[in-house]
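Heads up: the structure comes next, in structure tokens.
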Amino acid sequence: MPLWLLVAIQVVVSAASLVVEIVAGRMLAPYVGMSLYTWTAIIAVVLAGFSAGHWWGGRIAGRPEALRATGWTLIGAAVTTALAASLLRWIAGPVLAGVDHPVWAIVVLCGAVFFLPSLFAGVPAPVLAQIGVQTGRDSGKALGALFAAGAIGAIAGTLLAGFLFISWLGSALTLAVVTVTYLFSGLLCLGWARARQVPAGLASVLALGLAGWAVAAPSPCQVESDYFCIRTVDMSTDPTRPARMMVLDHLVHGTSARDAPQVMFTDHAAMLDGLSRIRATRPDYSSFHIGGGTYSIPRAIAERDGGPVTVAEIDPQVTRIAARDFWFDPGTAEILHMDARVALANRPDRYDVILGDAFTDIAVPAHLITHEFYQLVRMRLEPGGSYLMNVIDFEDRLQVLGAVVRTLQTVFPVVEVWTEAAAPAPGQRMVFVVVAGTERTALPGFRTRSPDPIRFAALSDAMVAGIAAADTLTLTDDFAPIARLMGPAD
């Protein structure tokens, strides 16, 4: 085979294998979320597959049948890639139910679905390098070209998957494109090796059939945006009074009812809405919202004819679906489709209330919980203004809550912690709202609906001091280990 053809095959195979790696994150998100643990498992499994494939390819590289064997491994990559989406749907439930520790469940699920495609895709590199050395006049030039081809293909695959394929084609169709790519490369190698084409043709039909089946199967995502797998779920008990829930990846990020715009359906939204009104210095208070979701609070403010609302929602598709499915009027708020920290840094506006309600998986993005970010927040508050932030933590840990409180105390003179006025169950995952400002909240508690009547109250100063004193860690841009502090739920 001429060197240019070896290089072309290496570029294509490397690109396809990296596309699968990036798509793996999106495919796993509806089942296990998109967290540090998810990406760690994906990268480890894919690298393990590549390593085993390279070793295998090195074992066969010097044999006469090496090119034919490489063609068959690429056919294997096509079949296992085509099977990945369906296999994930079949085994996700049993694996997550059967493996006790959630991190190991992610690793097992990722390995079962994505190890074999990576293994087969790793075989061609050493074989093609060996052929290049044997057939080329300059072995150094051949090796350099093939190594560069692998890197260029990996870069191209990463960019294509992240910027083009997933948001335009979706996960299943992207894997179908990769399947065709592997088939073409495999058949080319088999043809050059003069291998029998009938078995390869049958295997190709199988791979294309599996890919088509995956594309035709119902997707767990109604919309695959650049950021999330998005679903709208109907929660109505009465069809004439619709209520809907927004699911981003695998977690509910908001619920709204058409006929009850003032009612919040989650504890954190009820606290944020109630506390913002209690702490506001005027009825028409201005507010900046970090995260949109279903836009329940901006919608409630608009229904009350409240003050100006600004929302930083990084995903335009979330806003579009909130307007389409959750009765939010985008004309009632200024919407910034950008990261909230960037928006606050680039705009000199000040607000009476800033509300933090942005989550990736079950944790706040690390750059939105640091000392430096809280300094920026205080600069963007009006005199007497308040910062309210939703925090989720476990009753028997409170490490995230403690770190957030300690960090806020380095910037604000008053930091309060609010939650439901009821004793939690041991180990319960709890919802808190941390309030920071220059003045204490006028009321020790309040009643609202979520959607049933519920009472929220502030923790005592002694409890807050005890939570803050449990450790010395403050969160900074240099070190904010939110995933470790939250940890996987036992």
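Here are some notes:
- Whichever residue in region 420-437 is part of a strand (DSSP E or B) and more than 17 Å from residue 363 (Cβ to Cβ) and, among such residues, is farthest from the chain's Cα centre (by Cα): 437
- Taking the conditions (1) surrounded by fewer than 21 Cβ atoms within 10 Å (Cβ to Cβ); (2) assigned to a helix (DSSP H, G or I); (3) of a type in the set (D, E, K, R) in turn, residue 21 satisfies each one other than (1).
- Some residue of region 383-400 being under 17 Å from residue 272 (Cβ atoms), surrounded by 18 or more Cβ atoms within 10 Å (Cβ to Cβ), in the same structural domain as residue 347 (by TED's automatic domain parsing) and aromatic (Phe, Trp, Tyr): yes
- Filtering 103, 12 for residues that are in the same structural domain as residue 146 (by TED's automatic domain parsing), surrounded by fewer than 24 Cβ atoms within 10 Å (Cβ to Cβ) and out of contact with any Phe, Trp or Tyr (no Cβ under 7 Å at 6 or more places or on another chain) leaves a single hit, 12.
- Condition check for residue 325: crowded, with 22+ Cβ neighbours inside 10 Å and in contact with a Ser or Thr (Cβ under 6 Å, 6 or more places away or on another chain): no
- Looking only at residues of region 59-100 that are part of a helix (DSSP H, G or I), out of contact with any Pro (no Cβ under 8 Å at 6 or more places or on another chain) and charged (D, E, K, R), we find that the one that is surrounded by the fewest Cβ atoms within 10 Å (Cβ to Cβ) is 59.
- Of the residues 360, 370, the single one that is at pLDDT below 95 and farther than 24 Å from residue 284 by Cα is 360.
- Considering (1) modelled with pLDDT under 90; (2) over 30 Å from residue 68 (Cα atoms); (3) basic (Lys, Arg), the lone condition that residue 196 does not fulfil carries the number (2).
- The residue that is surrounded by the most Cβ atoms within 10 Å (Cβ to Cβ), counting only those in region 233-283 that are under 11 Å from residue 296 (Cα atoms) and touching a Pro at 6+ places or on another chain (Cβ under 8 Å), is 264.
- Count - residues of region 250-262 that are within 23 Å of residue 363 (Cα to Cα) and modelled with pLDDT of 90 or more: 3
- Check on residue 292, at positive phi and buried (at least 20 other Cβ atoms within 10 Å of the Cβ): no
- Residue match in region 461-472 (condition: under 12 Å from residue 275 (Cα atoms), crowded, with 18+ Cβ neighbours inside 10 Å and touching a residue at least 12 places away in the same chain (Cβ under 8 Å)): no
- Condition met for residue 289 (assigned by TED's automatic domain parsing to the domain that holds residue 346, in contact with a helix residue (DSSP H, G or I) (Cβ under 7 Å, 6 or more places away or on another chain), within 21 Å of residue 436 (Cα to Cα) and of a type outside the set (A, V, I, L, M)): yes
- Scanning region 403-414 for residues that are surrounded by 23 or more Cβ atoms within 10 Å (Cβ to Cβ) and in contact (Cβ under 8 Å) with a residue 40 or more places away in the chain gives 403, 404, 405, 407.
- Answer from 303, 313 - the residue that is crowded, with 22+ Cβ neighbours inside 10 Å, among the acidic types (Asp, Glu) and in the same structural domain as residue 387 (by TED's automatic domain parsing): 313
- Any hit, region 425-433, residues being assigned by TED's automatic domain parsing to the domain that holds residue 278, at pLDDT 95 or above and under 24 Å from residue 280 (Cα atoms): yes
- Test result for residue 172, crowded, with 18+ Cβ neighbours inside 10 Å and more than 21 Å from residue 34 (Cα to Cα): no
- The numbered conditions (1) surrounded by fewer than 22 Cβ atoms within 10 Å (Cβ to Cβ); (2) under 26 Å from residue 244 (Cα atoms) are all true for residue 364 except (1).
- Unmet criterion (only one of (1) outside any helix (DSSP H, G or I); (2) free of Cβ contacts under 8 Å to residues at least 24 places away in the same chain) for residue 4: (1)
The values are calculated or read from the model by the stated rules, or taken from the named source; none is laboratory data. Quick caveat: nothing in here was measured; it's all calculated off a predicted structure. Positions of Cβ are generated from backbone atoms using ideal geometry, with glycine treated the same way; all protein chains shown enter the neighbour counts.
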